[in-house]
Amino acid sequence: SMTDIADAGSQLMKENKNKKREKRLEEEKKRREMQKSKYLDDPLMNKKIEEELKKEEIEEMEKNAIIEWKKEARVESYGIKSKLSMQEQRESLPVYKSRNELLEAVRNNDFIVIVGETGSGKTTQITQYLAEDGYINSGIIACTQPRRVAAISVAKRVAEEVNCKVGDEVGYTIRFEDCTGPQTKIKYMTDGMLEREALTDPLMSRYSVIMLDEAHERTIATDILFALLRDIVIKRKGTLKLIVTSATLDSTKFSRYFNNCPVFHIQGRTFPVKIYYTKTPELDYIEATIDTIIDVHTNNPKGDILVFLTGREEIETCCEAIVQKMSVLYQSDPSLSELIVLPIYSAMPSEMQSRIFEPTPKGKRKVVIATNIAETSITIDGIYYVVDPGFVKVNAYDPKRGMDTLVVKPISRAQADQRSGRAGRTGPGICYRLYTKNAYLKEMPANTTPEILRQNLSHTILMLKAMGINDVLEFGFMDRPKEESLVKALEELYILEALDEDGKLTETGRCMAYFAVEPMLSKTLIKSFEFGCSYEVIEVIAMLTVPDVFYRPREKRDLADKMKQRFDDFNGDHLTLLNVYRKWEASGYSKDWCTDNFIQEKSMRKARDVKNQLIRLMEIVDKKEKGIQLSLVSCKNRLEQVRKAFVSGFFKNCAKRSSNHGHHDEEGVFRTLADNLAVYIHPSSSLFKIPGVDYVIYHTLVLTNKEYMHCTTKIDPSWLIQYASKVFRKTERGELSIAKKREKIQPLYDKFDQTGRWRLSRGRR
Ligand code: CDP
Ligand code: MG
């Protein structure tokens, strides 16, 4: 072969290479052995799990399992799915046995809670049963999902089962993407989209059944829908059914909330899962994950692996490392079966996502490396091994600093059990928990905190106000948020002029609620007309709402960064984004242009969709809201207007360069005006190391080793007084001298008015 010819030229080099390779393999082997001895078989836990099943059942299962292992029939079973007809597949799901009973329960009750293991067929089947039972004659059947990816993937699957195109009888709606048509009867949608529909259709009159799926996830939107629908169903007097489905057994709480409605259990068939814990805590869970995957693949019988990591970057790193390690192992042992590595996270192209559902070819093994999405909302068949490092990325609100941050946190015990359960769907499985048993029992919380208790509520409150729900403190939350965070959200909306002094929705606020973006963005958008740059602002907002447009492949990072610099606008990142969008447009939306410039084409196309949606919404607002003029205007090259418009929405995210009289450790430090928090310009920003940048606004803060501002733009401080007069004013001369004496007050501005009512902060340390 070519390699032989090349290698023959230099025998010496080859020997060297071989030695190196052997050494590497040796190390690899050692590491694997160490890894193995690290696991502790946990007889107690396993016993507990086994006790839950009847003895004969286990014997039966084990007998079958042993036969299967021996014959390696399990690999064949992967093919079964495609061999069965669609109808046979549907009938093989656990929910099928309860079909008639379930339909009867729905007929007799307006509220019903359904509990069933992940994969039992709740999401894909129940909607179809309801359709078959005639509910489509009086309206649409809606099924909500907390995650966009899940909504799309399930809609595709059901369309396939119904034998129609997605968007015909079966469709989906997610933010900025509506794939439904006039004949759509089964509609999968994100819970956020259904929540939005309550704005225009307060009785949800288009629907005959609403299924709030994955209720155990307790997203804010689902929680709000709980309360709204509890009233709506009663008002609709039997013409709307509400089904709440959950994968966990915590159903009594749901039942109690919905007037003690019946709880329907789907009898699922699950197999025992053996659980292994590590003996000592893992210092680097990514590395431990990689080792465990390789270990399972090289030492364990066949069966696919499911791995839980926290986000895209981690998943990609892990995939690369596994592919690399495997290529080393193949060289030493060509008989080793192939390991197919498949990532899944929400920002991934959907063509790639569907690959994870394809049956694994005979003689191979696949490892699916997923975010939390595979915990309950997506079921992958053929999983026998689960690797669970025990972490999840959640959006958490820090009320002290008044902002949302993405943080990696330990999962709850309920989540850990959900994850391990994924290994027991097709046969007895194994779960490797990369944490100690002690951590599981003592450090993990029993249940996940509902999102509503830990996130910024300003967007939610704005929606409630726009629905005419004025007294949000008295709203029927299942779990009431802390008053502190409700008040904080009200304050935020007040300073954005979305609410008046009495907390009533203003005209601006009503217009803001039309746009499915966070309040600071919608405020910017509403104001952009006054600044004569609504066209540009829409493009920037579109770019801000899509996944990062700059493509930085690991091996070409420097080149990619150089290419990015060519788009840099030295007045800030918002304008850099605008620049990218304009140049892409000028290229005729060219794909090659994206490739050449290290720009993610998928994100750009998405941005164009978002832009068109926002334009459409703007036209609606312009027509409906007489008091507000809002139409498309371009500022051409007067880009300062764009920065001013962003100040009118993002003044709260303002930071000033810290000038501690030449103290070097303060160099490059900015301090937020609202909280005096030390923040930094990110190295990827077009303002990084640019002189003369004293005041900036930023889109978000990202906490890594430092608190970095993400998407930062230079502003003139006088704009703050002009465009955010509720919050900023010039300090009186007397105050200034006091400030100077103490040197603790921001010299030019205060952040509160005299009444103290909407006092944002003290301004003093
Ligand atoms: O909702 P639940 O977890 O109870 O189950 P489901 O999502 O309705 O899944 C039922 C079956 O459909 C599983 O065996 C999945 O593997 C299959 N499915 C699929 O093949 N492709 C999808 N996109 C979704 C589900
Ligand atoms: Mg489901």
_Checking a compactness column here: for the stretch 163-213, what do you get for Rg(Cα) / (2.2 N^0.38 Å), N being the number of residues?_
1.11
*Classify the stretch 575-734: rounded, prolate or oblate, from the alpha-carbon gyration tensor (a ≥ b ≥ c, eigenvalue square roots; a/c under 1.5 rounded; otherwise prolate if a/b is larger than b/c)?*
oblate
*Kirkwood Rh, the stretch 243-398, all Cα pairs: how many Å?*
17.8 Å
*Which distance in nm do the two modelled labels at E320 and T280 give, with both placed 7 Å along the Cα-to-Cβ direction?*
2.9 nm
*Compute log10 of I(q)/I(0) for the stretch 317-381 with the Debye formula, placing one identical point scatterer on every Cα and leaving out solvent, at q = 0.13, 0.15, 0.29 Å⁻¹, to two decimals.*
-0.41, -0.53, -1.32
*Would you mind computing, in nm to one decimal, how far apart the modelled labels at E483 and K504 are, each placed 7 Å from Cα along Cα→Cβ?*
2.4 nm
_If packing is taken as the average number of other Cβ atoms within 10 Å across a peptide's residues, how do 426-434, 180-188 rank, most packed first?_
426-434, 180-188
*For the stretch 425-546, what Kirkwood radius comes out of the mean inverse Cα-Cα distance, in Å?*
17.4 Å
*In vacuum, with every alpha carbon of the stretch 131-248 counted as one equal point scatterer, what does the Debye formula give for log10 I(q)/I(0) at q = 0.13, 0.16, 0.18, 0.23 Å⁻¹? Two decimals, please.*
-0.45, -0.69, -0.89, -1.45
*Starting from the Cα of K409, step 7 Å toward the Cβ, then list every residue of the stretch 486-514 with an amide N under 17 Å from that point.*
486
*Return the FRET efficiency for the residue pair H710, M86: r is the Cβ-Cβ distance, R0 is 60 Å, and the value is rounded to the nearest 0.05.*
0.85
*Where does the stretch 581-644 land on Rg(C-alpha)/(2.2 N^0.38 Å)?*
1.41
*Can you put H699, H574, H710, H216 in order, fewest other beta carbons within 10 Å first?*
H710, H699, H216, H574
*Along Cα→Cβ, 7 Å out, is where each label goes; now give me the distance between the ones at R557 and R107 in nm to one decimal.*
6.4 nm
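Arrange the following residues from fewest to most other Cβ atoms within 10 Å of their Cβ: D592, D304. Walk me through the intermediate numbers first.
On the way: D592 9, D304 25.
The most exposed by this proxy come first: D592, D304.
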_Residue list for the stretch 276-316, given a label point 7 angstrom along the Cα-to-Cβ vector of N395 and an amide N cut-off under 18 Å_ = 310-313
*Going down the table (K302/K362; K564/K644; K611/K706; K602/K623; K366/K591), which pairs top 21 Å between alpha carbons?*
K564/K644; K611/K706; K602/K623; K366/K591
*Determine Rg/Rh for the stretch 106-189; Rg is computed over alpha-carbon atoms and Rh is the Kirkwood hydrodynamic estimate from the same atoms.*
0.95
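Read-outs: derived from the displayed coordinates by stated rules, not from any lab. All values reported here derive from a predicted model rather than from experimental measurement. Note that each Cβ is placed from the backbone with ideal geometry, even for glycine, and that neighbours are counted across all protein chains shown.
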